[in-house]
1. Could you work out the local net charge near A:Leu192, counting Lys and Arg as +1, Asp and Glu as -1, over the other residues with Cβ closer than 13 Å to its Cβ?
2. From the square roots a ≥ b ≥ c of the eigenvalues of the alpha-carbon gyration tensor of the protein assembly as shown, which class results: rounded (a/c under 1.5), prolate (a/b over b/c), or oblate?
3. HN-Hα J couplings of the range B:98-115 from phi, Karplus 6.51/-1.76/1.60, θ = phi - 60°, integer Hz, Gly and Pro as x?
4. Could you give the C-alpha radius of gyration of the range B:82-163 expressed as a fraction of 2.2 N^0.38 Å, taking N as the number of residues it contains?
5. Rounded if a/c is under 1.5, else prolate if a/b is larger than b/c, else oblate: which is the range A:146-232, with a ≥ b ≥ c the root eigenvalues of its Cα gyration tensor?
6. Residues with amide H under 5 Å of B:Ala78's amide H, sequence separation 5 or more or different chain, H placed in the peptide plane at 1.01 Å from N; which?
7. Step through the residues of the range A:61-74 one at a time and calculate ³J(HN,Hα) from phi using the Karplus curve (6.51 cos²θ - 1.76 cosθ + 1.60, θ = phi - 60°), rounding each to whole Hz and writing x for Gly and Pro.
8. Pairing the Cα long axis of helix A:149-166 with the longest principal axis of chain A, what angle in degrees results, from 0 to 90 and rounded to the nearest 10?
Protein chains: 2
Amino acid sequence: MLAVVPERPVEKAYLRRLRRFGPLLDEDAAALEARLGRIEAYPAGRDLDSARAAPMFLLSGWACLAHSLRDGRRQIVAFLLPGDGIGFDLLTRSQHAVQAVALTPLRARSTQPGFSPASEGLSRALAGAAAAQQSRLIDQIVRLGRQTAYERMAHLLLELHGRLAEIGEARGESFHLPIKQEVLADALGLSLVHVNRTLQQMRRDGLIDMRGAQLTLLNRAVLEAASDQSRS
Amino acid sequence: MLAVVPERPVEKAYLRRLRRFGPLLDEDAAALEARLGRIEAYPAGRDLDSARAAPMFLLSGWACLAHSLRDGRRQIVAFLLPGDGIGFDLLTRSQHAVQAVALTPLRARSTQPGFSPASEGLSRALAGAAAAQQSRLIDQIVRLGRQTAYERMAHLLLELHGRLAEIGEARGESFHLPIKQEVLADALGLSLVHVNRTLQQMRRDGLIDMRGAQLTLLNRAVLEAASDQSRS
DNA sequence: CGGGGGATTGACTACACTCAAGCATAGTGG
DNA sequence: CCACTATGCTTGAGTGTAGTCAATCCCCCG
């Protein structure tokens, strides 16, 4: 599970993300770096329970928070993308309610035991990230409660594109969507078959293009209109 | 909007609630009291935006956090019951995403300007309350995403009963449900008509009894089985 | 007694689910 | 190099849960 991969520039995504929520002095960043441990690799499907002991940052790959019902139905509560923290806030730490699972092979960097935010700036940034997470939870509730399959899909694709763009993982309107349609179904509260049909409809409508795992938003205006919820 | 109502014992519900999340010394409680302002009354339907300026505790009556779509569809994100705080945590503070609305006439007690948790104990208790709130958000996502109307209803009724019991507003398995079926519909992501039919089915199945706004859980075992999500 | 808000019912529709089969692509082993 | 698999995507057919529209009932209250 331990990998000795050198940290590439793109892997500072967590700094990039944190800076969106408040100024981080270079010394704050350095102090954070000093409190981070080694880089660990997880295979797709692996539980990230270890994040509960020591909070970690996702460096590459996708994960999710999911809740499973007894009969096997599964609901994905949130997606976790590179740069996101896991286990820093209440949501991602709450053991019982939800489990964190790797959706793709991923690498993460955990904090050293006994971590706590070193500086004012850092703790404000972490709080900001938690707030953003919360806001996405509300989006998720609205999607599931009051939107059609088509609207949910449009809304989620816009969210994912926006988040990936923030960390430099989008090229224009395109991004890599490394998850099965089954995962989209579990996130959107739909069946696999209906997700497939919804995506096809969006392609026919000229809203998106899919080549393999590469997804392109072809008509942002219409997507936003379809997703309804006024996104900032 | 200002009311000069004497504070009755039941209205210390917020202390009762906070104590569930961590020990509050008598002096902590006293310090909190000292930082609370006057009691305000709101009519049903009124926005609680004022809570955003100064956090407040709900003394009596029900409120909710709701998000409205452009075309009028509305999704209730969370219920706020007596004893709950509003505006203390990220969720209930986040202006844009969601608005807090009184569902019944209610009374609330706001903190004085510049409030911040005075003691270690109080701030731990407030954090605990925020965590509980988060956990309910996840429940809500699972309900909306992966449960049937019947299951959603069972699960929500159990949640409401549990929360009301905590603050002494349940009598055995009975509690007062002061909201229209339309509100239940907006919370459960269902239509008003379907909520009505679901409730009737539950009555026919002998799971609940409704006399006016008084609701009784007649068969907790079956309700819990139906709600599936293993509740603690 | 009339009005009004909320609850209830019926008839019809439709969005999304299930079951089941077929297709495409990438690996794997002979 | 080519069957053979496996996995994920696609499609069809039929079903069902939940939605919509519209009328009616019920009860409280003025």
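All of the numbers you see were taken from the coordinates with simple rules; none came from a lab. Note that the coordinates shown come from a computational prediction; the quantities given were computed from them, not determined experimentally. Please note: Cβ atoms are built from the backbone with ideal geometry, for glycine as well, and neighbour counts cover all protein chains shown.
1. Net of charged neighbours comes to +2.
2. In terms of gyration-tensor shape, oblate.
3. Running phi through 6.51 cos²θ - 1.76 cosθ + 1.60 with θ = phi - 60° gives 7, 10, 8, 9, 6, 8, 9, x, 9, 10, 9, 10, 8, 7, 6, x, x, 4 Hz.
4. In units of the globular-protein estimate, the range B:82-163 measures up at 1.28.
5. Note, shape of the range A:146-232 comes out rounded.
6. Under 5 Å from the amide H of B:Ala78 lie the amide H atoms of B:Leu65, each far enough along the sequence or on another chain.
7. So the J values, rounded to whole Hz, are x, 10, 9, 8, 9, 9, 10, 10, 8, 4, 7, x, 4, 10.
8. 30 degrees
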